[in-house]
Amino acid sequence: MLACLSLLPALVLAFDGTRLLQVLVLTLSAWIWIAWPQRSDRGRAIRALLAGAIGCAFLLDATVRAFLLRTYGALPDSSMVTTALANTGRFEAAEFVRTYWPGMLQSALLFLLSAGLLCLLLRRWCRTSAIAATAAQGNWRRTVFLVMLVLLLTALAIKPWRKYHPFVFWPVWAQQLADTRERWHNAHLEQDDLKQRAAAQAPALAADSPDTLVLVISDSVNRDNLSLYGYARETSPKLDARLRQDDGRFRVFRHAWSADASTVAALNNFFHFGEPHSPSRDHLLALAEAAGYQTLWISNHDDIAIDLQHARLAGRRQMLNHVPGRSAASLDGTVLPALEAALQDGRQRKLIVVHLLGAHPHYRLRHPPDQAPFSGVRDTVYRELKQNGRSLWTRELRNDYDSALHFHDSVVDQTLELTRRFGGNARWLFLSDHGQEVGQVSDHTGHSALSPDGYRIPLVVWGSSLRELPDALARTPVRSDWLGHTVTRLLGLSWAGYRPERDVLDPHYRWQPPPHPLRIDYLS
Ligand SMILES: [Zn+2]
């Protein structure tokens, strides 16, 4: 049973509590092969090989899980990981390896060491167990074998346990991945469907609906890192100034949350009114088009999934960045001339979506090299991170992240300025798809499904119609997957599927927490 110990370090990193215990029971499917006494050399060798192969499958499974958990705080079957993988080309895969090679190397070393130890122990078993056993020892071994068999069969009979056997988990996982790819392949059929459904809703426009609505969707912005929300560093001076000069039109929602910790899932939820998997789901862009808005998508993202599922529903698309993934160096300022041209073009009612890279990793590529106000800074924020045990790597990334937000502030402010100047009777809404963990609760940087900061987003709305709303509204918690209802209200659009209890601007609004996998204080 020493062989079991060789798996333990990898398993402890991948599972905790009862789950670890369950997986340990499942590993009996390897050890059971060497539990039955066997005399022939050949029989023992074959069974040692089988035990080794199954043991290595558990090791590989645990190594991958531990790596994902450490890097993203995510499980392999989370939508975060499957959508990222279904969406990944060969170029992005190479880039991923370049970014995460230190962590991957550590994981690979642990795997090789554990697998090596397992092989050594099994070889030893092959040799020592050849010595003829006494009758009493034989009986004892048979009893152990039977106990193991009963335990293993019980574990395999219980579905939530069985799921964690690598031979059960990974085939299902591969199928899920193939299904996701297939869905995207059929995206154009889905688009026709969504357009027909939108027309069937017969959406109507109110007399006072705006000339323009600019919807700025940013990426990976944690509101706690904006001075607009009280952060100690001045990361959003332009928006701070807007708030100081506010005449009731500029509304900052203090407690905004995303339901998801990654882009594809968050945008699916947002554009489908929080019901992306419902067979009768609606799409915000299709509805706006059907109501008579000209829709335009201006993007600094290069993302196949977003393009197929959302951008292509817009009447026009301007994709300004052609480098997918985190090494894209296209700065968000690139959207501004396109936005200005769109605002000045024609008189028709417009819904313009501006999709920014925001503060998506790599943070250093999200601001011009000569505009890094927090590079090398050693202020209270930095010292606090150090006191809380954050590594030098995390502290430096926090400086890069805050510099990215500082540049981002100027871009977001410009989108509002252009809207104000050229949008006629206009409304403007800014949010981030999801948050980001940059050393807030642990020594982790990046997307995070297991920390509140992965979901903590900014939400700001501007427009004259907001003047009439009470100030207390700013303290109401909001979730971005319901926000589509608020956007249709801002568009002056009435439609059958509108749910006032999900529209934060409606008196009937009723907050309910999103189905997050962790406990969150939503007023924090
Ligand atoms: Zn994102």
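The values are calculated or read from the model by the stated rules, or taken from the named source; none is laboratory data. Treat the numbers as computed from the prediction; the structure is a model and nothing was measured. Note: ideal-geometry Cβ built from the backbone for every residue, glycine included; neighbour counts use all protein chains shown. Heavy atoms of the whole protein, side chains included, go into the accessibility calculation; ligands, DNA and RNA do not. Shrake-Rupley method; radii C 1.70, N 1.55, O 1.52, S 1.80 Å.
For the range 28-38, indicate whether the set of residues that are surrounded by fewer than 19 Cβ atoms within 10 Å (Cβ to Cβ) and small (Gly, Ala, Ser) is non-empty.
No.
May I ask you to list the residues in the range 472-524 that are more than 22 Å from the chain's Cα centre (by Cα) and of a type in the set (Val, Ile, Thr)?
Selection gives 476, 486, 487, 488, 504.
Are there any pairs with C-beta distances below 8 angstrom linking a residue in the range 427-454 that is under 19 Å from residue 217 (Cβ atoms) to a residue that is among the acidic types (Asp, Glu) and within 12 Å of the ligand (Cβ to nearest atom), with the two at least 6 apart or on different chains, and if so which?
432/219; 433/219; 433/260; 434/219; 434/260
Would you check which residues across the range 328-346 are open to solvent by less than 20 Å² (accessible area, probe 1.4 Å) and either among the charged types (D, E, K, R) or in a loop (DSSP other than H, G, I, E, B) (or both) and list them?
328, 332
Consider only pairs whose beta carbons are under 6 Å apart and that are at least six residues apart or on different chains; among these, list those whose first residue lies in the range 13-35 and is closer than 24 Å to residue 109 by Cα and whose second residue is of a type in the set (Lys, Arg).
14/65
I need a count of the residues in the range 254-312 that are open to solvent by 20 Å² or more (accessible area, probe 1.4 Å) and among the β-branched types (Val, Ile, Thr).
1
Can you find, within the range 347-398, the residue that is farthest from residue 433 (Cα to Cα) among those that are surrounded by 13 or more Cβ atoms within 10 Å (Cβ to Cβ) and of a type in the set (Phe, Trp, Tyr)?
Per the criteria, the residue is 382.
Look through the range 412-458, keep the residues that are assigned to a strand (DSSP E or B) and away from the ligand (no atom under 16 Å from the Cβ), and return whichever of them is surrounded by the fewest Cβ atoms within 10 Å (Cβ to Cβ).
429
Quick grid of which residues meet (1) away from the ligand (no atom under 16 Å from the Cβ); (2) in contact with a helix residue (DSSP H, G or I) (Cβ under 7 Å, 6 or more places away or on another chain); (3) assigned to a helix (DSSP H, G or I); (4) among the basic types (Lys, Arg):
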site: 177; (1), (2), (3), (4): yes, yes, yes, no
site: 183; (1), (2), (3), (4): yes, no, yes, yes
site: 189; (1), (2), (3), (4): yes, no, yes, no
site: 194; (1), (2), (3), (4): yes, yes, yes, no
site: 208; (1), (2), (3), (4): yes, no, no, no
site: 213; (1), (2), (3), (4): yes, yes, no, no
site: 220; (1), (2), (3), (4): no, no, no, no
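How many residues are modelled with pLDDT under 85 and open to solvent by less than 30 Å² (accessible area, probe 1.4 Å) if we restrict to the range 313-323?
Of the residues in the range 313-323, 1 are modelled with pLDDT under 85 and open to solvent by less than 30 Å² (accessible area, probe 1.4 Å).
State whether one or more residues within the range 28-50 are within 22 Å of residue 448 (Cα to Cα) and not basic (Lys, Arg).
No, the range 28-50 has no match at all.
Please work out which residue is farthest from the ligand (Cβ to nearest atom), limiting yourself to the range 345-367 and to residues that are modelled with pLDDT of 95 or more and farther than 24 Å from residue 447 by Cβ.
Checked the range 345-367; the qualifying residue farthest from the ligand (Cβ to nearest atom) is 350.
Cβ-Cβ under 6 Å, sequence separation 6+ or interchain: first residue in the range 240-265 and under 30 Å from residue 307 (Cβ atoms), partner within 9 Å of the ligand (Cβ to nearest atom) and not aliphatic (A, V, I, L, M). Which pairs?
258/434; 260/434; 261/434; 261/447; 262/447; 263/433
Scan the range 472-501 for residues that are among the β-branched types (Val, Ile, Thr) and assigned to a helix (DSSP H, G or I) and jot them down.
Passing the criteria: 486, 487, 488.
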